[in-house]
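As structure tokens, the structure follows; a few thoughts come after it.
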Amino acid sequence: MLHHTDQTLRCLPELIPGPAFMFSPEGLCAGCNGNARDAVFGANDEHRPGLNLFDAAHPDDREALRRAVAEALQRSDEATCKTRILHRGRMEYLWYSINMKNIATGAKPALLAVCQEITCCKRLEESLHASEARFRRLFDGHSTVMLVIDAASKTIIDANRAAARFYGWPVEELRAMRLDQLAVTSPEILEREIAQIRKLGQKTVSARHRSAEGVILDVEASTSLVEIEGNEVFYCIINNVTERKRIEKELQCSKSRLDFALQKSHIGWWSLNLEDGSTFRTLEHARIFGYDSTDRAWSLQQFLDHVVDEERDRVSAIIEHSRSGKSGWHFECRIRRNDGEQRWIMAIGGFPHDDDHGSKLLSGIVMDISERKFAKLELRDSRIKFDLALKAAHAGIWEMNIETGKADWSKEIIRLLGLEEQAEAPSFDLWIQAIHPDDRQMIADSVTQAVQEQKESDIEYRVCWPDGSIHWLMSRGQPVRNGNGKLTGFTGTVIDITERRKLLESVRQSEANYRSLFENMPNGFAYCQLLYSEQGIAEDFMFLEVNQRFEELIPFKEVAGKRATQLIPEIRTTDNELFIISERIVNSARPEHFDYFMNALQEWFSFSVFSPKRDCFIVIFDVITQRKQIEQSLRESEHKFRTITEQISEIVFVTDFTGIVRYISPSIEKTAGYRPDEVIGHSFFDFLPDDEIARARHMVGIAMANHLDSEIFELKYRKNDGSNLYGEVGVRYFHEADGNGFSGMIGVIRDITPRKKAEEEKKRLELQLQKAERLETIGRLAGGIAHDFNNLLSPILGHAELGMIAAAEEGYNPEYYSAIVQAAERAGQLVSQILTFSKAHDSQPTPVRIQSIIEEALQLLRPSIPANIRIERTLDVGCRNILIDPSKLHQIIVNLCTNAWQAIDKSCGVITIELHEVTPGKALIKKLPALTARPYAELSISDNGVGMDKATIEHIFEPFFTTKAADKGSGLGLSVVRSVVNAFNGEIVVESQPGAHTAFRIYLPVIEEAPEQKKPVSTPQQGKGKILLVDDEQVILNVVTTMLTKQGFEICAMKNPREAIELFRREPGRFDLVITDLTMPELSGLELSEELKNASPRTPIILMTGFGKNIDDAGGVNEYGIRKILKKPVRIADLVSAINETIASSR
């Protein structure tokens, strides 16, 4: 359907490459291009007539969008708004930046909107904010005490809540305290520890700290030195080891008591002096081996003689290993006593640390463990059976003696904790180490509480296995008491509950997903229960649950738990049909979807209703009042369409998918001589001349295949009297809802017959104008490319030069950096070549020796030319020089040689390059009138390739003309060659024969002047001064700052020009010089210079630019305070020289 909006403005978005659309102040879209329809709205033709910007916008963004539209209507320039738009195809909201401009069309305003998607940027911002919030929550909420201390002042600059609880001071007071207010340490020791941390970067320090109550606490501080925003700070994790220190002290006392007890126990002690063979042993030692006294001599060999035969070698190896490694031993073995009885003993021995004997004294103890060993063997068999049962149940048992601190657990617990068997003896500390760090404090608190209250414990916690996996365990413990009822320890079980926890987590996640969907769905949702009267008739319903969107769409709050008649008392009278429909759906259990106008609220609703269980139903709805209004508007628009088409002079027609005309306006009779009834029912193509039918069918076929929405073309029609009618046809194609089929078209035919002859006469001038416009476009494009490319080259050249300086300082070969510098300079020359062709940059001709440039170009080209192609050259060494830009001549040779080898399709080909000095004769001057009778350098490049026909030769120098595939050439190479040759008063001619050869001959006037010798790149000077550097490219800021800092300058680098202005205004006398980029997003370099000059006229400014054009020609830059202009990329030496010269001249 056509809308009543002006046809010209409706087509305006189609001219914009990005997503664009027209809309009214009420948000109704009157026309949009394909990018907007597909990328922004995701709408097809079914949705397109009803597109409304405000409806598509996220509810939270609509008010801001309306304000932006109002602002755009009041302004002459653009207004910008960032909002989320619903993409119908993807059913998600995407972020867009919308630029709106008021376009008045008579008395009725309209707006043009151009969109840019910024969804990724927004999501990155949200992710960054969330990451910062998570870190702060982790720091403040972590149970571990954390402090951040300024390394210079030793002031606590941050502390978490755990630190406040630990020390007893509020967080605010801690953040103002100094370290020496906490540490109970002398200043000298404190400084020594800080120096160690600075040296090592991190260290765990043992210290004593004072709490707010004056209690002295033993702590271990794991401290790391980090740099934040240029300041050094200590990041400290404080662990309270007061209890551990106390336990260590108690353990020392226990050890002393144990030593005394062992002296009084029935343990055999012995010692052996390896030097003199003297021995000592206790009576208990003699009795263990079956002797009544210690009179019998004793030695290691006698000990080994008592060991049973099958274990003697093992025991001997243990002792020998201990002797060679000066280490101890601890083993169990069987011995045969003096009376022949076999007994089990435990032997512990080694080399004690004795200053008097050094490593010459060997000593140890032995203990008869036969009874324990026999009992242990019996217990082992029972234990194996028990462990198998526990393993099958994925459970383990444990016991803990709180008096001795000894722990014991089954092998299954070792597996459940992820430990290696026999890695360490079972202990409370080993158990704690296996527990997830976040759960350890909870475990410690639970164990402490169980011991204090002497009650059962039931704890669920996580353990970390060595492979990084996390497992959930449940530990249950029972108190154990002795015969007097005193608590001596705990015993219990551990089982793996990982799968159960995963199941619980899955249930919680499912609930969370449902709740998220429920709360965030774009439609209103209500779960209702139908209420019946005593007669069994549905008289009311109650809202059991509603989502947030429900209360946004309907003006009621706190709806859950209320009846419909409580919210709308008159609903039974105004909308009784809702009760009838609800009862029908509940009784039939069949879902229904319908539109309904609710009289009580005066709104149209789209309802989807179904019954999940008896007497209950769920309603999902949306308010569609605006959609209904749009449908009414469309019906009115259809009426207006008919009225308009019957009044205008253009021919309006509508066809079906077969091309049969279904409607044509009455103007057909006046324009073409047919009555409407003579056309309707006939094919659109029946009224075309024979020579136009095939072309018309081809155009329609392409449009259908490419799913085009609209196009404008010219066709020749046959009038009723047999004459021809030239028509300009604007066609709108209709596609099926799925986007695959073609359903017809609507078009307008404008009689342009009187215009055709005039157009044909002007055709040649128009073609020339089009070429000029294309070249102008190339010029603008080249300028932008030059700016971006030169900005990319600047850091490459800068870092390469820094590498060369570093190589010179450190004494290694800088050849790799030199190659990068040469490549960067060559790339800069390439940019200059692009600008020369596009007229964006003036070439600088110099005397050039052609032979040198040819050799240089061939050296560059040879690796890229296939090995089967031979290059032959005949160069006249006596040929004089020419006046040309060397890079342009280099480009000519490269372009022509590249075309030559690409034209060779033989297994072996030849490219011939010839150079001679000639004076044109009359025949050549007649062929090339621009030549004169003076000496020229004739450069000929030929190949034995496929050649060209005359039709191709006529177009080869036209921009964008190419005979290569789309991915093989741009059509600019020969255009550039001719442009360069003509710019330097030369001529180019081509000769070619299809299938045989092609030859290009270039004539350039020779000169007597010799080429300039290249000046060697000077070593960068040193300098001194404070410089404000402004550039929107961070990488350029970094490299220039590094370059100038190495040369002795103090650099203040700023990326934002407005922030640079604020800094300069605060301290206008701080800087000796300002260096600024020309093109920046917020302010140009010229605008920035003007602001800085107003603040301090005496401060000199250097302007750096990536554009190739001469800035001086654009307007007097001196009035902005600019002393020099440097073009990127710039060498270090040139930059330092310009800085020193500018600073010196300004003083």
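Assorted remarks:
- For the pair W465 and N1038, a Förster radius of 60 Å applied to the C-beta separation gives a FRET efficiency near 0.85, rounded to the nearest 0.05.
- Neighbourhood net charge (12 Å Cβ-Cβ; Lys/Arg +1, Asp/Glu -1) for L875: -4
- Extension gain (nm, one decimal) between R572 and N1056, 0.36 nm per residue minus Cα-Cα: 167.7 nm
- Length-normalised contact order of region 553-712 in % [C-alpha pairs under 8 Å, at least 6 apart]: 10
- Additional length obtainable on full extension of the chain from I384 to E403, 0.36 nm per residue less Cα span: 4.1 nm
- Here T1045, T119, T493, T223 are placed in order of increasing Cβ neighbour count within 10 Å, fewest first, which gives T1045, T119, T493, T223.
- Relative contact order [Cα under 8 Å, 6+ residues apart], region 527-632, whole percent: 23
- For the chain, convex hull of alpha carbons as volume per residue, Å³: 386
- Fewest-first sequence of I651, I1143 by Cβ atoms within 10 Å of each Cβ: I1143, I651
- Relative contact order for region 511-578: 26 percent, from Cα pairs under 8 Å spaced at least 6 residues apart, divided by residue count.
- FRET efficiency estimate (nearest 0.05) - Cβ-Cβ, I712 to E638, R0 35 angstrom: 0.90
- Surrounding net charge for G18, when Lys and Arg each add one and Asp and Glu each subtract one, Cβ distance under 13 Å: -2
- Membrane-span-like helices of the chain, defined as complete DSSP H segments with a Cα extent of 27 Å or more along the helix axis and a mean Kyte hydropathy of at least -0.5, are identified as 763-810, 815-837.
- Per-residue ellipticity at 222 nm from helix content only, as computed over the chain with -39500 (n - 2.57) for each DSSP H run of at least four residues, stands at -12500 deg cm²/dmol.
- For I585, net neighbour charge (Lys/Arg +1, Asp/Glu -1) across residues whose Cβ lies under 13 Å away: 0
- Additional length obtainable on full extension of the chain from H330 to V226, 0.36 nm per residue less Cα span: 32.7 nm
- The modelled label-to-label distance for the pair A823/Q452, using points 7 Å beyond Cα in the direction of Cβ, is 7.0 nm.
- Dimensionless Rg over Rh [region 374-503; C-alpha; Kirkwood]: 0.97
- Figure legend: label point modelled 7 angstrom from the Cα of T488 along Cα→Cβ; residues of region 436-460 with amide N under 19 Å from it are 451-452, 454-456.
- Calculated FRET efficiency, K360 to K203, Cβ-Cβ distance, R0 = 35 Å: about 0.30 to the nearest 0.05.
Rule-based calculations on the coordinates, nothing more; no lab input. Bear in mind the structure is a predicted one, so any value in this text is a computation, not a measurement. All Cβ positions, even for glycine, are placed from backbone atoms using ideal geometry, and neighbour counts span all protein chains on display.
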